[in-house]
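The values are calculated or read from the model by the stated rules, or taken from the named source; none is laboratory data. Quick caveat, the model's predicted, so the values are computed rather than measured. All Cβ positions, even for glycine, are placed from backbone atoms using ideal geometry, and neighbour counts span all protein chains on display. To get the accessible areas, we keep the full protein, side chains included, count just its heavy atoms, and leave off ligands, DNA and RNA. Shrake-Rupley method; radii C 1.70, N 1.55, O 1.52, S 1.80 Å.
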Amino acid sequence: MKNKRFKQIAFNYSDKDIEGEVHDYFKLKFEDRELTDYEFLLWVKLFYSMKRKEGTSIQEPSSELLEAIRQEYQLPEPTTNPSNPELFEMMRAHEWIKLQDNTGKYLFGPFSETYLKVPSFSINRFQRSLNITIGKLRDLIGNGDINEELLDKTKWITDCIRGLNHFVSQAYLELFTHSKVANATENDKKESCPYSTHIRVCKDILEIIYILSEAYKHNELTSRGYEPEMVFPVLLPKYIELKGISGFSCLSSLVLDAMFFTFDYQEALLTMMLFLHLNFHNSLLWAIEFAASPVNIGVPTGERGQKEHTTQMKIYLFDSKDRPRVIRIDMPHKGDGGEKYLHFNVTPTFQGEKYDHLVLTKDLDQVQFTLDSLKEAALRECPNLIVVQDSGSADDEAMLHEMHRFLAYEDMTTRYIVKEEQEEVLTDYCKITGKQFGSLNAALEHACQTFYERF
């Protein structure tokens, strides 16, 4: 059985029985089960959220909000399950919370000193809302529905991205202030927001969606030079781009929460996030992949290779220059340098980049559990972004090829919308797919069918 990894860095946590020293605590027992790290963190964050009104939130803490969140997240019920009004009043009345499962007692607090350091529950709610809304948009697009619901949900996605970026940036700035990574530069702090250009990009995307949607609604597509049947093939890349902006923000928040699953690796995970933000700021996420198989620890580190599943996580994204990239998080394997530790690899690399075997941490005692906890949070809050499978370098090449094909698709939609010369982009799409299409419309319809499955 693994040990709980919470330490007294942000929560002033103690796993000792200090009831003699701390009297102002509220106890919740889960004696019939072992809480996962994710469930522990959600209960602690819920405790803090019921004690504060956040700046961008329209919802005051209340027993009704508490009940809604518990149902939404299907949080495990305490052994002695108090009513929501009683639970809400007890949370409001105490400075500390003690959670007890069948592995032991864990005390968190005090609220008055640590609440600013605890990542907001709003992060989880915005992230979950983005995942649900993207799923509903996919259904609407699949049904061919251009209506007010489609537009409302599109606008809601941009609002969620704005809210998520705000709370993630706020939390990272707090970490920069209190973390051992105290040498963060002003540029680091400026880029603490996952996607600083999201407002402009989302506005541009929304403008295209609204123009075509309004023309569709008023039967003006033909008079403006567009075919009604081409609306969704043209709009789909814009929704995939919105999903990509959402995804990079969600990736940031997932790593943020992982820091609080396992404080022993907080510095390493903050280093990971700094790397992503500084080198891949304003990126569009394509997919996150977790290995289905754990690392084969039966093989000594110096003999491990790809077949021992040393790559435990992959991040596929378009960087700020729209270049498809894959970032691998590798467990220790054979080699004489950074390969021996938890490290990054990036493919492809370009002139001036030195990303091979970039060490995240040399301390590996519990790092596999950290990645497992991160995977649990991702699967429970944003499964639309997650793939769980074992893959190798050939699969990475196939994914990068798919991403290049998407760029060719997006280029075709741009030429269609602005009615510019189309032969060049059609030729590029035919070349990258290895197929021949007699017209841009035929190529767009083919691309739409292909990438609807990806969306």
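May I ask you to list pairs of residues, at least six apart or on different chains, whose Cβ atoms are under 6 Å apart, with the first in the range 21-32 being touching a residue at least 60 places away in the same chain (Cβ under 8 Å) and the second being in a strand (DSSP E or B) and aliphatic (A, V, I, L, M)? Going by the 6 Å Cβ cut-off, the qualifying pairs are Phe26/Ile97; Leu28/Leu99. Residues in the range 89-117 that are at positive phi and within 29 Å of the chain's Cα centre (by Cα): Gly109 only.
Of the residues contained in the range 53-60, one or more are found to be touching a Pro at 6+ places or on another chain (Cβ under 7 Å), at pLDDT below 85, part of a loop (DSSP other than H, G, I, E, B) and open to solvent by 30 Å² or more (accessible area, probe 1.4 Å).
Residues in the range 359-379 that are part of a loop (DSSP other than H, G, I, E, B) and not aliphatic (A, V, I, L, M): Lys362, Asp363, Asp365, Gln366.
Scoring Glu86 on the criteria (1) crowded, with 21+ Cβ neighbours inside 10 Å; (2) over 28 Å from the mean Cα position of the chain (by Cα); (3) more than 17 Å from Ser49 (Cβ to Cβ) leaves a single failure, condition (1).
Among the residues of the range 240-284, just one is open to solvent by 10 Å² or more (accessible area, probe 1.4 Å), of a type in the set (A, V, I, L, M) and either without any contact (Cβ under 8 Å) to a residue 60 or more places away in the chain or not in a helix (DSSP H, G or I) (or both), namely Leu284.
Restricting the range 321-331 to residues that are open to solvent by 10 Å² or more (accessible area, probe 1.4 Å) and either within 18 Å of Lys362 (Cα to Cα) or touching a strand residue (DSSP E or B) at 6+ places or on another chain (Cβ under 9 Å) (or both) leaves a set whose member that is modelled with the lowest pLDDT is Met331.
Filtered by the rule that a residue be within 19 Å of Asp395 (Cα to Cα) and outside any helix (DSSP H, G or I), the range 299-314 gives Gly305, His309, Thr310, Thr311, Gln312, Met313, Lys314. Quick one: which residue in Phe437, Phe350 is open to solvent by 20 Å² or more (accessible area, probe 1.4 Å), in contact with a helix residue (DSSP H, G or I) (Cβ under 6 Å, 6 or more places away or on another chain) and farther than 30 Å from Lys136 by Cβ? When all the criteria are applied, what remains is Phe437.
Looking across the range 62-113, just one residue is of a type in the set (Phe, Trp, Tyr) and farther than 24 Å from Asp32 by Cα, and that is Phe111.
Residue-wise test of (1) at pLDDT 85 or above; (2) part of a helix (DSSP H, G or I); (3) farther than 23 Å from Asp37 by Cβ; (4) open to solvent by 10 Å² or more (accessible area, probe 1.4 Å).
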position	(1), (2), (3), (4)
Lys238	yes, yes, yes, yes
Trp286	yes, no, yes, yes
Ile297	no, no, no, yes
Tyr316	yes, no, yes, no
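To keep it simple, each residue is scored yes or no on (1) among the β-branched types (Val, Ile, Thr); (2) at pLDDT 85 or above; (3) crowded, with 20+ Cβ neighbours inside 10 Å; (4) touching a Pro at 6+ places or on another chain (Cβ under 7 Å).
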| position | (1), (2), (3), (4) |
| --- | --- |
| Met91 | no, yes, yes, no |
| Phe108 | no, no, yes, no |
| Tyr115 | no, no, no, no |
| Ser120 | no, yes, yes, no |
| Gly142 | no, no, no, no |
| Ile157 | yes, yes, yes, no |
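Within the span defined as the range 295-305, every residue fails to be touching a residue at least 60 places away in the same chain (Cβ under 8 Å) and within 30 Å of Cys160 (Cβ to Cβ). The set of residues in the range 380-437 that are in a loop (DSSP other than H, G, I, E, B) and of a type in the set (S, T, N, Q) comprises Gln389, Ser391, Gln422, Gln436. If you check Phe26, Phe88, Phe47 for being touching a His at 6+ places or on another chain (Cβ under 9 Å) and over 21 Å from Ser373 (Cα atoms), only one passes: Phe26.
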